[in-house]
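Peer 1: Okay, handing you the structure first.
Nothing in this text is a laboratory measurement; each read-out follows from the coordinates by a stated rule. What you see is a predicted model, and the numbers here were worked out from it, not measured in a lab. Ideal geometry is used to build each Cβ from the backbone, glycine not excepted, and the neighbour counts take in all protein chains shown.
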Amino acid sequence: MSLLEVEKIEVVYKRVITAVQGVTLSVGPKQIVAILGTNGAGKTTTLRAISGFLGLDDARITEGAISFAGRRIENAPPHDIAARGIVLVPERDKVFPNLTVAENLAVPVSRASGAERRRQDEQIYRLFPRLAELRQRIGGLLSGGERQMLAIAGALMCRPSLLLVDELSLGLAPVVVQDLTRRLLAVRDELGIAILLVEQSAAAALTIADYAYVMENGRIVLDGDREKLKSHQDVQEFYLGQAGGERRSYRAVKQYRRSRRWYG
Amino acid sequence: MQLAVNIVVLASIYALIACGYVLIYRVSRVLNLAHGELMMLGAYMVLATASLFNGHPVIALAAAILLSLLVGVLVYVFLMRKMTGEMVLAAILTTVALGILIRGLVVLIWSAQQQYPAQALGVPNPSLVLFGGARVSMWSAVLVGTTVIVYAALFAFLRFGRWGMRMRAAGQNPLLAAQRGINLHGVYALAWSLSTLTGALAGILMALDSGVTGGMPVIGLKAFPAALVGGLDSLVGALAGSLIIAAAEVLLIYYVDPLLSDVVPFLVLIAMLIVRPWGLFGTREELDRV
Amino acid sequence: MFRPVPRASGYFRTGYGQDLALVQTRAERIGLAIFVVILAGFPFVASPFALDLACQVFLASVGALSLMLLTGYAGQISLGHAGLIAAGAFTTGILAREIHAPFWITLPASAVTGIVLGFVFGLPSLRLRGLYLAVSTLALHFVVIYLGGEYETKRGFSTGILVEPPSLAGFKLSGGRFWYFVLLAAAALSLLICINLLRSRSGRAFRAVHARETVAEALGISIAGTKLLAFVISSAMTSVAGCLFAYYRGFVSVEAFDLFLSIQYVAMIIIGGMGSLLGALLGAAFVTLFPYAIEALLHLLPNADKLAGDIFAVNYASFGVVMILFLVFEPLGLVGIWHRLQNYFLLWPFRYRPLAGARK
């Protein structure tokens, strides 16, 4: 029984621009699932649709359904979705810049209180020991990697059952990204949370994802488990940068030929 | 010495009003230009509750204060909530329009004459003598004390209280706050009710001291530069700004020209806008949020 | 549905003359001619009260157009409009009282006052934007009012300055019809100035600075120059409106130029519809006629006498309500309503204009 079921959703911006079409994906409990794709493929829109933040950009889910733990949640208000256990780590503006690290972690709302909350605090500090050293540092003064850690930790304070991470590796050095992906794995193992990861860096995502979807132009063109994708020719060529044989110009591969290979 | 006392009293008035502006701005980036009128409404409500609870001044006062809390929540829920997410200018103009509406309603309900809640409540207002031969009325002294208590409480709440931290968070990054489970509407309603509460306290205490008339909102408008000079999102700034402006006003009235009273706060404001637009203690944000 | 009146659609101009013309199709020209005839004939059939109303609307239009220029097009928020009107009115009053200056001196003098004040009000805009700019204009408004009050008290005009009607070659110029045409000319002139300014390079610079300053600067537009120009032109127009106000009312006093007047002008451009000259005119008409409409409405109610004594308060309250209603429900103003109405009839049975290049 999967935790999150997205069935054939269609997201339309400003009533006329279709950003996402016919997208179906699912995330099982304690699974790490990645959505790969280039800019403009519709990955962030899908994530926004799941977490309920479409209204801000005048967008709506016009078709399809999203179910979480059996309940339908498409077009529900964001704090409602957060209360049910889906929390988003956004791409930008991911921490409160004028609050300290400790305050950043005290602010999120969760049903726990008192002793339970303190236990959570300690668990988070164990998973991210660097944050324990930086407890009194102002959020805006953290480095990129530290900020991303704080963002994830803050999201975890809400005790989600599904964590949505938007562009984990954006603007971070590869070493830092490696460290973060390892910690996400630890988060999944220790806290038993499912993670839906949206990533441009397929290499980073495929190191920890159990299952992945590839999106292009608003549709899912390929999905499979980690091994299948890593060995798929097109993923290797276009997303992992490992061209087999001689270097071919992108122009040599026409879109229709490519789509035949996707569906093949 | 009397001058110093006058400065302290005036600064307390401005500070108590200014913290209302700061609360709402810090949490929702909206400038509530109806604050002066809401303050006046609080004062008038004492008249209403005084006649309701005749003979029980404490209950009447408490009732008026509670009513103001309620009014703040209602203003948010029925009016300002619809303006969240709109242009900030539109939200500010909505508060201006609300202020105008309240002014009209107050005159319609209570008439434009000067009235004296202290008489209605049956409480005295003796003049206290301080050292140096300075005099201060009792309710003015109470006002100074109230300002101190209110500021201390607000400081503690915003700095250490969990919901105070959440209010600050909502002010910095509303989207992220919503994503972390903070109900923004709840936080904004809380800010509005606290702001209206402090405003009403100021209005009530001033009314007990010198009566209430339709011209009260002017003081609210004069306190606004105090908030701005100190930094529109800083409580410390509001205190500092109030002191500076009160000092300037009292001294200039005494030594230069009594007519200056209404314009001094704005002169100080202009000076501050030239030198340091974000105020003494405000965060230096982009100044172009329209 | 029905055959719509032919208006200009598409771009079919083949010469510069046609490009500059204000009306395009023959139907538009006929419409304009009819409108002009109605305007010209109005004072001869209307009652003095209606004439006064029309005069007030024209006078308000000048101020509304100048504020629309500044806030609606150039994007510089100004809450100090009443201060500028006061400046023009006081210049006129002071000159008329102190040196008995005739109107052909006070009028340009008011304009000069407006220009100077425009610089002063506009200087903060070089450093501040949005909320802080609005606050600075508010502060300057209070300073102007204070100076006016100082003059009144120091020179003993504690109730206000009486202004004689303007005279030309010994004839006193006054009377409802005279003022109707003068104010109509003033409003029409302001409208023409605004239209032409907006079609010119400066007008485009206004819009560019409003939309995105950094891009405008990259295009070679001087931000400081454009903002100051907007303030100066707008203030000059407003001061002249103040001068006309002084002559029309015959009386200048500080109380007439309070914050509420500034708010009324801001309401005019919001209720009318920001970013549209037609909006400025509609808004001016709406806000000017509103109190009279409320008063008329009041007389229809049963217990009218009780409220009639507090007519000011009723005006205030209902003004506040209407302003809130427009801000919450129709932020695009009367022009927005007009466009929606137009679109409904023009596009029927479709509901939305198609976006160019919508994806299938």
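Peer 1: Using only C-alpha atoms and all pairs of different ones, pull out the Kirkwood radius for the stretch C:258-353 in Å with one decimal.
Peer 2: On the way: mean 1/r = 0.0678 Å⁻¹.
The answer is 14.7 Å.
Peer 1: So, with +1 on the Cβ of K and R and -1 on the Cβ of D and E, and no other charges, what is the size of the charge dipole of the protein assembly as shown about its Cα centre, to the nearest 20 debye?
Peer 2: Values: 77 positive and 55 negative charges, 551 e Å.
Once rounded to the nearest 20, the dipole reads 2640 debye.
Peer 1: Based on the Cβ-Cβ distance of C:ARG204 and C:LEU297, what FRET efficiency does E = 1/(1 + (r/R0)^6) give at R0 = 30 Å, to the nearest 0.05? Each step should come with its number before you reach the end.
Peer 2: Numbers: r = 43 Å, r/R0 = 1.45.
So, using R0 = 30 Å, E works out to roughly 0.10.
Peer 1: What would the Debye formula give as log10 I(q)/I(0) at q = 0.10, 0.12 Å⁻¹ for the alpha-carbon point model of the stretch B:5-116, no solvent?
Peer 2: -0.35, -0.50
Peer 1: Once you order the gyration tensor axes a ≥ b ≥ c over the Cα atoms, which shape class does the protein assembly as shown get: rounded for a/c under 1.5, otherwise prolate or oblate by comparing a/b with b/c? Mind dumping the intermediate values first?
Peer 2: Values: a/c = 2.23, a/b = 1.37, b/c = 1.63.
Cα axes put the protein assembly as shown in the oblate bin.
Peer 1: With respect to the cross-link table entries A:LYS30/A:LYS228; A:LYS43/A:LYS230; B:LYS82/B:LYS222; A:LYS14/A:LYS43, which display a Cα-Cα separation exceeding 24 Å? All intermediate terms of the calculation are to be shown ahead of the outcome.
Peer 2: Working: A:LYS30/A:LYS228 20 Å; A:LYS43/A:LYS230 19 Å; B:LYS82/B:LYS222 28 Å; A:LYS14/A:LYS43 18 Å.
The pairs that break the limit, which is 24 Å between Cα atoms, are B:LYS82/B:LYS222.
Peer 1: Calculate the spin-label point distance for C:ILE34 paired with C:PHE312, positioning each point 7 Å from the Cα along the beta-carbon direction, and give it in nanometres.
Peer 2: 4.4
Peer 1: If a/c stays under 1.5 just call it rounded; otherwise compare a/b with b/c (prolate if a/b is bigger, oblate if not). Do that for the stretch B:12-217, with a ≥ b ≥ c from the square roots of the Cα gyration tensor eigenvalues. Please report the intermediate quantities before stating the final value.
Peer 2: Details: a/c = 2.17, a/b = 1.53, b/c = 1.42.
Prolate, because a/c is 1.5 or more and a/b exceeds b/c.
Peer 1: Here is a further query. Given axes a ≥ b ≥ c from the Cα gyration tensor, I'd like to know whether the stretch C:26-256 is rounded (a/c under 1.5), prolate (a/b larger than b/c) or oblate. Each step should come with its number before you reach the end.
Peer 2: Details: a/c = 2.30, a/b = 1.18, b/c = 1.96.
The shape class here is oblate.
Peer 1: Expressed in whole Å with the largest first, what are the equivalent ellipsoid semi-axes of the stretch C:190-344 derived from the C-alpha gyration tensor as the square root of 5 times each eigenvalue?
Peer 2: On the way: eigenvalues 239, 88, 35 Å².
Equivalent-ellipsoid dimensions as semi-axes: 35, 21, 13 Å.
Peer 1: Note down the net charge around C:THR137, summing +1 for each Lys or Arg and -1 for each Asp or Glu among other residues with Cβ under 14 Å from its Cβ.
Peer 2: Values: positive: C:ARG127, C:ARG129, C:LYS227; negative: none.
The answer is +3.
Peer 1: Mind sorting A:LYS8, A:LYS30, C:LYS227, A:LYS94 by how few other Cβ atoms lie within 10 Å of their own Cβ, fewest first? Don't skip to the answer; put the middle values down first.
Peer 2: On the way: A:LYS8 11, A:LYS30 15, C:LYS227 26, A:LYS94 23.
Lowest count first: A:LYS8, A:LYS30, A:LYS94, C:LYS227.
Peer 1: May I pose another question? Can you work out the FRET efficiency for the pair B:LEU251 and C:ARG127, with r the C-beta to C-beta distance and R0 = 41 Å, to the nearest 0.05? Walk me through the numbers before you get to the answer.
Peer 2: On the way: r = 28 Å, r/R0 = 0.69.
The calculated FRET efficiency here is 0.90.
Peer 1: Modelling each spin label as a point 7 Å along the Cα-to-Cβ direction, I'd like the C:SER174/C:ILE99 distance in nm, to one decimal.
Peer 2: Each label point lies 7 Å from its Cα, and together they span 2.5 nm.
Peer 1: Another question, then. Would you look at the GNM of chain B, springs on alpha carbons closer than 10 Å, and say which of B:LEU67, B:LEU41, B:LEU105 moves the most?
Peer 2: Maximum fluctuation in the GNM of chain B, among the listed residues, is at B:LEU105.
Peer 1: If you rank A:TYR239, B:TYR254, A:TYR211 by fewest surrounding Cβ atoms within 10 Å, what's the result? Provide the component values of the computation, followed by the final result.
Peer 2: Numbers: A:TYR239 23, B:TYR254 12, A:TYR211 18.
Ordered by Cβ neighbours within 10 Å, fewest first: B:TYR254, A:TYR211, A:TYR239.
Peer 1: If each residue's Cβ is checked for other Cβ atoms within 10 Å, how do B:SER68, C:SER276, C:SER158 rank with the fewest at the top?
Peer 2: On the way: B:SER68 27, C:SER276 22, C:SER158 11.
Listing B:SER68, C:SER276, C:SER158 from fewest to most nearby Cβ atoms yields C:SER158, C:SER276, B:SER68.
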